[in-house]
Structures are given as C-alpha cells and as structure tokens.
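Heads up: the structure comes next, in structure tokens.
The values are calculated or read from the model by the stated rules, or taken from the named source; none is laboratory data. Small disclaimer: the values here were computed from a predicted structure and weren't measured. With ideal geometry, Cβ positions are generated from the backbone for all residues, glycine too; neighbour counts draw on all protein chains shown.
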Amino acid sequence: MAELLNDIEWSEPTLPIVHDLEWEAEVKADIGRVMDIHMRTSNSEWLRKTILKWPRYEAKEFPRKLADICTLVAAQENACRYCYGVARSWMRLWGYSQKMINNIERSVQMAEMDEKERAFIRFCRNLSRSNPKPPKKDRDELIRLGYSELAVAEMAFLIVNQCFVNRVSTFLAVPPMDDLERLPNSFLGKLLRPIIGWKLRKMSWTETRPLEGDPESFPGVVQKLLGLPAARVMNDALEGALNSNGLSRKLKILMFAVVANSLDCEFCKEETHSMALECGFSETEFNAALNTLSSPHLTEQEEKLLSWTRETIHFQNGPMQSRVRELALEVGDSMMLEAIGVASLANSTVRLAVLLG
Amino acid sequence: MIVYILLASFLVLCLGVIIFNQRKRNQKLEKLLAYTNEKLERLQIHFGRFTPEEVIEQLTDSDRAFKPTMRPVTVLFADLKGFTKMCEEIEPSDMVNILNGYFRCMSKVLTQHHGQVTELIGDGILSLFGALRNNPWQVQDAVMAALDMRLALEEYNKELKEKSFPELAFGIGIHKGKVLAGVMGNYELSKFGVVGDPINVAARVEALTREHNTDILITEKIKVELDNRFVLEPMPLVKVKGKSEPIRTYTVKGVLKK
C-alpha cells in the first residue's frame, strides 16, 4: 500500500558523509549545489556519477508532464522519504497544483486525466512495486493506447532509474531536504517560483554521446534501449558497477543472479549464468551458490552481502535501514556502499529486463 | 432601461448564487472524499492484521480476486506441547497473555525469514514460504526460521520463568509440496487460505516430534533441498494417518557456520 509523505518510516543515515573536495567541486560545477546524497556516495566512483546524472535524465520520447508524475509515483511506491519530499517540492515549484499532487498520491479523481495518463500512472505504480512481477500487460496497454515501443521503453527506463535512486537513498537513509520541502509554501518560494522552477528545469540532463561498438556485445537490457540516450546511460552504469573494485566480480554477478531468480526473469537468469561461467564459476558451483547463497569463492562477509541482496527486492524501510547499519559494521562502510549501489542497480536492471526482455 | 439593468443584475445574482452553491457543494464533496480516503487507508491497515498485505493490495488495487492457484510452497506447522494440560492449570487471562507473547515472538522470526503466518489455529501456527511471492530459497528459509524459533522460544521461556509461569515447548513439522493458495469462500464470507496434502503432512510430521522426542522435524522432500551446512539426524520410519507408506523424517540439530 503506497504511503503518504508523513507516514513513511525513516531513520538516521546508515553510512557517513565522506568529503572528496575534487568530487564536490565537480558536482557544484554541474548542478550548482552539493547535496547530502552526493557526499554519502562519494566513495564509489561509478555510484556517485550515476546518482548525480540519473535523477536528471530528460525523456525524449514522451511528454515532460508524465516524466514529472513518474518521479513522484515511483518515490511514493518505493516509500523513499527523501526522494518523495524532493519530487513533491519540485512539482510544486514547476507549477503543479497541490490538489493535483494530492490526487496523484491518493490515486483519486483520475477522471481529470485522460486515458493515456491514467494508463501511464498505473504502469509506474505497478513497475515500481513489481509485486509479484513487473507487469508486461501494462506495457502492452500503453502501446495499444498509441505510445511507440521506444517511448514505452524510455518510460520503463525512467521508472527503474527512479527506483534505483529511491533504493540507494532509502538504504542510506539520506536525510530529507527540509529547506527544499519548505520552499514551495514560503513567501520567497511563492514569489520566485517561476525563476526557481526554470532553474530546476535547467538542471535536466541527457546523454548526447552515442553508444559505440557492436550492439551484440552490449548487455541484453541495453540492447532493448538502443535508439534512446538511455542505452548509453544504462550501459555506463552496468560497466561501472561490474568493473569497480569495491566488491569482487563473482559476488556482483551472484547479486544480479539472486535478483533475477527472485523476480523469475529468464532473460537475466541466462545472462548472469553465462557471466558467472566466464568469471570462473563451474556450472555446479554457480547452481550451489544460488541455491544456498554461499560459495567457497566468497568470503563470510561477501556471503552476508549476498543474503542481504534478497532483502532488497521487497522491503520495509525501518528493518532495512537497521540491517544496513548492522551490516556496515561487519563489512565496512565502503564495501556496504558498493553493495547498496550494485543491489539497487540489479533490482532496476532485472525489472527492466522482465518488462522489455 | 431600468428593467434591463434590473434583469441583468438579477441574472448576475442568480449566477453568483449558483456558483456559490456549486463551490460549497464541491468543498463538501472534497471533504467527503478525503474522509472516505482516510477511512479506507485505516481499514487497509487494520485489515492487514487478518489477511496478508499482498492479498489486500491485489483486492483493493484491481478488480481481480486473488484466485486460488496451485503453487509449490514450504509448509511449517508449529504446535505447543502440553498446551491442553497447561490451560487447565493457568488462569485463562494469563494463558491468553502467554499465548499472545508466544505468537508475537514466533511471527517476528517467521517474517524475518520470509515466512507468512497464514493461520493461528488454537496454539498452532501455520506458516507458508513462497505462497505469495516467488521464493527460490523457501526450504532453506523455513528451516532457518525453525532454528531461530528454537532460540526465540528459549528467550521467551526466560521471560515466562521470571513471571513464575511454566515454560513452553513446541514441535515443528516442515514439508514441501504444491498447494492451492488464494481467497476462498463465498460472497458473504471468504478468506485467504491454503488447501492441499502438504499442509496435512506438515501437521502429521509435527505430531511425530512427540514420538521422536525432538522439536524440529523435516521430511525427505525438505532434506534433499538442503546443503551440507545443515546438521540432520534421520529418525525411524513411521506410518502416519492418511499415508499408505511409512515416512522418513529428520531432526534438525543446527547449522554449521563458515
């Protein structure tokens, strides 16, 4: 059941801020302000870049209004207190009425929207929730209503992109941005709303560099996004995560495989299976590791992170944030941060693959 | 001219009254809607104590009923030993408190291990693993849950001892198989439930814990899905009610750490 902003359980941050002056200068040059989440993720090269870019991804194939709604709906469905507060404030600053936001949150008075918008919101909710599985029939419904396949692929990417940011923020328990949340209702906020809204829009980002190379060589899920800037965006994140040194490659592949098995994604199960064999698992070892969530290739700490990956598929904030805090004490902050990134990316990738695969 | 002005004023006044009334009506309707929403949200929260949240979500978010479907699940059945005798010796109000505390501890452990408490039958707990969501690790989860229930009961017994209440002892039976799970019943009265032979087998296996003088028993179907970290001890073959062949069970001693 989707919760409203003030009902969401949220604890103190699970991992500390790590200052990296060079990185902070880069963030400031890009968006003009360094936020808490940029400092908490600064220890992981690929994760910090993904967190900086992904939330600002600008959709090309469908209206901006739907993208704005998607941010709010995904944050609400994933019960991310931090992202939900930001999304709500941004929408207000972009000129959406409080009444409209309330209606979207409560899924009421949808009659004010057209059929395509209603179908899109349903798609957002169901894909974010993915319980029991990401809804292929919702995707077909959008195509029937006139959206192109490319537009639906981009919608799906945008939703899983939000789910990724929601997960990272929730696992880290990033503190809500109180000043931003107060802004829309403040005198200054009301007075300068058009200017602030315009400034926020200017932060939007899209990938302009094409994805080069043999399309066959890209991960399956990236191939499904070819033709969209999202293809390069997704490919860079996957490459960054799999090539980083924070965790062993074997553990990362198993983490992806665990999510693929939980969400019963045949497409990802096959892909992770081949990747596991390439990186040194035998067939028996890989199956045993998946069945028991333990392997001679993994250390005790890595096994703990693998078991934890299961918890990241459907979770409640309170127990999850306590668990992350406990695990961080056992495995260390930097390993935990990397695991948070990989598990979040695995959840997004597999959800996308179930839908597009 | 004056007549026209009066007529126009009258029309403007009428329009104003209509708009005013309509706005008032809208405000009333919005209040009613907000109230109904709040009521629905409260109802969903309270209803969650009687039926799994996933079932409520499916029933409220779509017009699809949670139709019963066959699915492989792992069934864990736990029952208190000597409960009837204890009821005769303890005040009913104390007994309810003891039982509520026991259910609270056990439900917490079961939920932690991805189990879903489906029914409380007297002093018995029927918990399913993999009934609502795909769970490739359901067997391992159920056995780990049983082992942690053992620890949780030890802790709870310390609490009971401090209050001068008798200690509790349970038996747990675990089995796996296909069951029919979903919302069952008629239009007037229905509930989420499960039906199938594995439920009966788990209950029979639980009853064998008295005969074998142990607390956790699993069937062969469970044993074959466990890896060698689990320390098991085979029990003698026993014939149980409703089964033509005697069944082999294993007691779970513990789990080895890496």
*Looking at A:128, A:169, A:89, which is the one that is within 14 Å of chain B (Cβ to nearest Cβ) and in a helix (DSSP H, G or I)?*
A:128
_Single condition residue A:150 does not satisfy, out of (1) within 25 Å of residue A:314 (Cβ to Cβ); (2) surrounded by fewer than 22 Cβ atoms within 10 Å (Cβ to Cβ)_ = (1)
*asked:* Out of everything in region A:314-337 that is of a type in the set (D, E, K, R) and within 14 Å of chain B (Cβ to nearest Cβ), what residue ends up being nearest to the chain's Cα centre (by Cα)?
replied: A:323
*What about residue A:301, is it in contact with an Asp or Glu (Cβ under 7 Å, 6 or more places away or on another chain) and either surrounded by 20 or more Cβ atoms within 10 Å (Cβ to Cβ) or within 11 Å of another protein chain (Cβ to nearest Cβ) (or both)?*
yes
*Where residue A:140 falls short, out of the listed (1) within 23 Å of residue A:58 (Cβ to Cβ); (2) of a type in the set (Asp, Glu); (3) free of Cβ contacts under 8 Å to residues at least 60 places away in the same chain*: (1)
*Is it the case that region B:188-204 has a residue that's surrounded by 14 or more Cβ atoms within 10 Å (Cβ to Cβ) and within 14 Å of chain A (Cβ to nearest Cβ)?*
no
*Of the residues in region B:213-230, how many are among the aliphatic types (A, V, I, L, M), away from chain A (no Cβ under 14 Å) and out of contact with any Asp or Glu (no Cβ under 9 Å at 6 or more places or on another chain)?*
2
*Examine region A:243-264 for a residue that is surrounded by fewer than 21 Cβ atoms within 10 Å (Cβ to Cβ) and under 17 Å from the mean Cα position of the chain (by Cα), and state whether such a residue exists.*
no
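Looking for whichever is assigned by TED's automatic domain parsing to the domain that holds residue B:146, surrounded by 14 or more Cβ atoms within 10 Å (Cβ to Cβ), more than 25 Å from the chain's Cα centre (by Cα) and under 20 Å from residue B:125 (Cβ atoms) here; the options are B:249, B:219, B:209. Which one fits? Steps first, please.
Numbers: B:219 fails: more than 25 Å from the chain's Cα centre (by Cα); B:209 fails: more than 25 Å from the chain's Cα centre (by Cα).
Just one listed residue meets the conditions, B:249.
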*Which one of these is assigned to a helix (DSSP H, G or I) and in contact with a Ser or Thr (Cβ under 9 Å, 6 or more places away or on another chain): B:110, B:99, B:151, B:147?*
B:110
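Each row is one residue, and each column tells you yes or no for (1) under 24 Å from residue A:336 (Cβ atoms); (2) within 14 Å of another protein chain (Cβ to nearest Cβ).
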site: A:5; (1), (2): no, yes
site: A:15; (1), (2): yes, no
site: A:37; (1), (2): yes, no
site: A:45; (1), (2): yes, no
site: A:54; (1), (2): yes, no
site: A:59; (1), (2): no, no
site: A:66; (1), (2): no, no
site: A:73; (1), (2): no, yes
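Can you find, within region A:62-85, the residue that is surrounded by the fewest Cβ atoms within 10 Å (Cβ to Cβ) among those that are in a helix (DSSP H, G or I) and in contact with a Cys (Cβ under 8 Å, 6 or more places away or on another chain)? Full working, then the answer.
Filtering region A:62-85 for residues in a helix (DSSP H, G or I) gives A:64-77, A:81-85.
Now drop any that are not in contact with a Cys (Cβ under 8 Å, 6 or more places away or on another chain), which leaves A:69-71, A:73-75, A:77.
On the way: A:69: 22, A:70: 24, A:71: 24, A:73: 27, A:74: 27, A:75: 28, A:77: 24.
The extreme case among them is A:69.
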*In region A:235-261, which residue that is without any contact (Cβ under 8 Å) to a residue 60 or more places away in the chain and within 14 Å of chain B (Cβ to nearest Cβ) is farthest from residue A:208 (Cα to Cα)?*
A:261
*Taking region A:131-147 only, how many residues are within 14 Å of chain B (Cβ to nearest Cβ), surrounded by fewer than 16 Cβ atoms within 10 Å (Cβ to Cβ) and among the acidic types (Asp, Glu)?*
0
*For residue B:140, are the conditions met, namely being within 14 Å of chain A (Cβ to nearest Cβ), assigned to a strand (DSSP E or B), buried (at least 18 other Cβ atoms within 10 Å of the Cβ) and touching a residue at least 12 places away in the same chain (Cβ under 8 Å)?*
no
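Look at region B:99-130 and say how many of its residues are on the phi < 0 side of the Ramachandran plot and within 11 Å of chain A (Cβ to nearest Cβ). Don't jump to the end; show me each part of the working.
Start the filter on region B:99-130 by keeping residues that are on the phi < 0 side of the Ramachandran plot, which leaves B:99-113, B:115-121, B:123-129.
Applying the additional criterion that residues be within 11 Å of chain A (Cβ to nearest Cβ) yields B:108, B:111-113.
Number of matching residues: 4.
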